[in-house]
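Undergrad: Following this message is one structure expressed as structure tokens.
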Amino acid sequence: MEWKPDRTDKKPIYKQIADYIEREISSGAFSPGSLLPSERALAKELQVNRSTVVAAYEELQSLGIVERKKGSGTRVSTDIWGISHKRIPNWDRYVEDGSFLPNLPLVQRIRMETQKKDLINLASGELSPDLFPIDQFRTILSDQPFMGHLGYDHPQGNEILRETISSHIKEYKNIDTSSSSILITSGAQQALHLIVQCLLKPGDAVAIEDPSYCFSLPIFQSAGLRTFLLPVDEHGIDPDDLICLHKKHRIRMVFLNPDHQNPTGTSLPFTRRKKILELSSEFGIPIIEDDPYSLTSFNGEVNSTLKSMDHNGNILYISSLSKIVASGLRIGWIIGPPQVIQRLADAKQQVDFGHSIFPQWVANQFLESKHFNTHIRMLRKQLKQRRDQIISSLDEFLNGQIECFIPEGGIHMWCKVNGSINEYHLLEESMKKGVTFVPGNVFGSKKGYVRFTFGRGEANLIQEGISRFADALKSIQSNQRS
Ligand SMILES: Cc1ncc(COP(=O)(O)O)c(C=O)c1O
């Protein structure tokens, strides 16, 4: 609490406290029915005698603003309309009632925890700041003055950037497209959101990978979709499982992350890609190919994307610069049939009137420049070193206790902890020891798994992080035994 009573003020301190609490109630910080701090805690916080707090609470009680019951503390009255001169919305109710669902509490908790300075973050799915091309951006910004237009832009995004993306994906991913088939989005995340909101309706059945990217899950739930799981093995999903799901549930859309999948790091082999495309054509089911990672392949060989193999227009292709350049740029894109792109662009215009011109301009200059190629080669090398570092740290500190899939690209390592372990207790213990990761069942139905993001940490931090994780695992195991 930042507020403190003003001891130079003529108004008695108990009255200042009562007025402060009334203001907080009016602003919605304390909602009707909520419990106020105990007399002792508030007195300590405000450095006043407990009797002063008692006097403040009694004053509020006499006004009908709070209710006090012996043994159960002081609560904001549930019926304060007309007593307090301001009407207070029940913010708690509003917060619970919205149709857009919040993230899982555990995901929110990890996000809060990763703000802490001393914590080694092996949880957040992004590159560490030293891998962002900051010097190249500085060069671009100082050498080339901004030449863009400052009004609302084309609803599909800046035309020049769309043309650059069209040549970029031809060169790097062999995808043929034109600027009119591209929509610029705020990362791949917004692309997923727009697709779900505009092309599907509540009750529709969609097939998703198990495990799959955790921030897509609330989007599906908020839209009232029925999600059906396609188990991921070391080669991604098995196309035969799609046949079974479709026969049972009439799947309307499939969401796949075929390359260096988040969280497992697996990539679909060519034969499975071909079969998935055939099934998509046979059943007329669109596939959403979410591809933020394919360019990170450590050996520089980029698999054929489903989109590059798609001759019938069955694939909606999503990608972004988040995992290959910088997540804070918020540049992503969707490629699809013109009528779909126009529908999504119309929705994006309603949401935000189009993407800000500045990140689009910088992204365009960077993608067009010689810097991009140099950067991507550096990135692959660095990510491979980090992948090797995490493997050697896992061998050093956890030999035989954990089994991991070795990814050939991307930023994540997916591991099974041997024996029966409660991942939530393991996470709590790890956070106490100063490291964080993401428990596997945030991503789907699998138990006993953990995801480490090696792209987020420099080599020495990865080593220290895994050492702390190993200590946490040891404590949990000895607690479970005793
Ligand atoms: C598979 C996948 N899709 C989409 C996203 C969203 O990324 P962004 O919106 O930053 O492009 C992520 C981020 O972790 C991801 O792993």
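Undergrad: Given charges of +1 on the Cβ of Lys and Arg and -1 on the Cβ of Asp and Glu, with all other atoms neutral, how large is the dipole of the chain about its Cα centre, in debye to the nearest 20?
TA: On the way: 56 positive and 56 negative charges, 219 e Å.
Dipole magnitude for the chain comes out near 1060 debye.
Undergrad: Quick one: putting +1 on the C-beta of Lys and Arg, -1 on the C-beta of Asp and Glu, what dipole do you get for the stretch 149-369 around its Cα centre, in Debye to the nearest 20? Spell out each step's value before the answer.
TA: Working: 18 positive and 24 negative charges, 101 e Å.
It works out to roughly 480 debye.
Undergrad: To continue, here is another question. Could you check what % of the DSSP bridge pairs in the stretch 170-308 are antiparallel, to the nearest 5?
TA: So the antiparallel bridges in the stretch 170-308 amount to around 15 percent.
Undergrad: Further question: Can you give me the distance in nm between label points at Lys70 and Asn90, each placed 7 Å from the Cα along the Cα-to-Cβ direction?
TA: 3.1 nm
Undergrad: Given points 7 Å out from each Cα along the Cα-Cβ axis, report the Lys248 to Glu278 separation in nanometres with one decimal.
TA: It is 2.3 nm.
Undergrad: Would you kindly find the accessible area of Thr78, with a 1.4 Å probe and non-protein molecules such as ligands, DNA and RNA excluded, rounding to the nearest 10 Å²?
TA: Its accessible surface works out to 100 Å², give or take rounding.
Undergrad: Okay, moving on. Taking the Cα centroid of the stretch 392-410 and of the stretch 8-70, what is the distance between the two, rounded to the nearest whole Å?
TA: Result: 54 Å between the Cα centres.
Undergrad: For the stretch 13-97, what is the Kirkwood hydrodynamic radius in Å, using each pair of distinct C-alpha atoms? Provide the component values of the computation, followed by the final result.
TA: Details: mean 1/r = 0.0768 Å⁻¹.
Evaluated on the stretch 13-97, it is 13.0 Å.
Undergrad: Past 29 Å, Cα to Cα: identify those pairs from Lys11/Lys116; Lys117/Lys446; Lys173/Lys275; Lys323/Lys446; Lys116/Lys447; Lys116/Lys416, in the order given.
TA: Working: Lys11/Lys116 40 Å; Lys117/Lys446 31 Å; Lys173/Lys275 20 Å; Lys323/Lys446 25 Å; Lys116/Lys447 27 Å; Lys116/Lys416 27 Å.
Among Lys11/Lys116; Lys117/Lys446; Lys173/Lys275; Lys323/Lys446; Lys116/Lys447; Lys116/Lys416, the Cα-Cα distance tops 29 Å for Lys11/Lys116; Lys117/Lys446.
Undergrad: Report the paramagnetic label zone for Lys381: residues of the stretch 432-468 whose backbone N is under 16 Å from a point 7 Å from Cα along the Cα-to-Cβ axis.
TA: The answer is 459, whose backbone nitrogens lie closer than 16 Å to the label point.
Undergrad: Follow-up question, since we're still on this one. Rg(Cα) of the stretch 149-369 divided by 2.2 N^0.38 Å?
TA: Working: Rg = 16.6 Å, N = 221, 2.2 N^0.38 = 17.1 Å.
Normalised by 2.2 N^0.38 Å, the Cα Rg of the stretch 149-369 equals 0.97.
Undergrad: Run the accessible area of the stretch 235-392 with a 1.4 Å probe and give the carbon-and-sulfur part as a rounded percent. Walk me through the intermediate numbers first.
TA: Numbers: 3150 of 6200 Å².
Exposed carbon and sulfur together represent 51 percent of the surface.
Undergrad: Using just the Cα positions, wrap the stretch 441-482 in a convex hull and report its mean projected area in square nanometres, one decimal place.
TA: Numbers: hull surface 14.9 nm².
Computed as one quarter of the Cα hull surface, the answer is 3.7 nm².
Undergrad: Further question: Taking all pairs of different Cα atoms in the chain, averaging 1/r and flipping that mean, what Kirkwood radius in angstroms comes out? It would help to have the intermediate numbers written out before the result.
TA: Numbers: mean 1/r = 0.0392 Å⁻¹.
Evaluated on the chain, it is 25.5 Å.
Undergrad: Among 307-315, 392-400, 446-454, how do they line up by average Cβ neighbours within 10 Å per residue, starting with the highest? Before the final figure, lay out each step's value.
TA: On the way: 307-315: 17.3, 392-400: 15.0, 446-454: 22.6.
Packing proxy ranking, top to bottom: 446-454, 307-315, 392-400.
Undergrad: When the Debye formula is applied to the Cα atoms of the stretch 85-180, each taken as the same point scatterer, what base-10 log of I(q)/I(0) results at q = 0.10, 0.11 Å⁻¹?
TA: Values, matching the q order: -0.68, -0.79.
Undergrad: Here is a further query. When the accessible area of the stretch 13-97 is split by element with a 1.4 Å probe, what percent falls to carbon and sulfur? Walk me through the numbers before you get to the answer.
TA: Numbers: 2500 of 5110 Å².
C and S atoms contribute 49 percent here.
Undergrad: Under 37 °C and 0.692 mPa s, how fast does the stretch 286-440 diffuse according to Stokes-Einstein, given a Kirkwood radius computed over C-alpha pairs? Answer in µm²/s, whole number.
TA: Using the Kirkwood radius from Cα pairs, D works out to 174 µm²/s.
Undergrad: Okay, moving on. Taking the simple approach of a point 7 Å from Cα along Cα-to-Cβ for both Ala459 and Glu24, what is their distance in nm?
TA: 5.1 nm
Undergrad: While we're here: Might you tell me the accessible area per residue for the chain, computed with a 1.4 Å probe and given in Å²? Let's see the in-between values first.
TA: Values: 23020 Å² over 482 residues.
Ligands and nucleic acids excluded, the result is 48 Å² per residue.
Undergrad: In terms of modelled amide H atoms, which long-range or inter-chain residues lie less than 5 Å from the amide H of Leu230?
TA: Result for Leu230 returns Ile208, Glu209, Asp210.
The values are calculated or read from the model by the stated rules, or taken from the named source; none is laboratory data. Computed from a prediction, not measured in an experiment: that's the story for all the values here. Using ideal geometry, Cβ is built from the backbone for each residue, glycine included, and neighbour counts are taken over all protein chains shown. Ligands, DNA and RNA are excluded from the accessible area calculation, which covers all protein heavy atoms including side chains. Shrake-Rupley method; radii C 1.70, N 1.55, O 1.52, S 1.80 Å.
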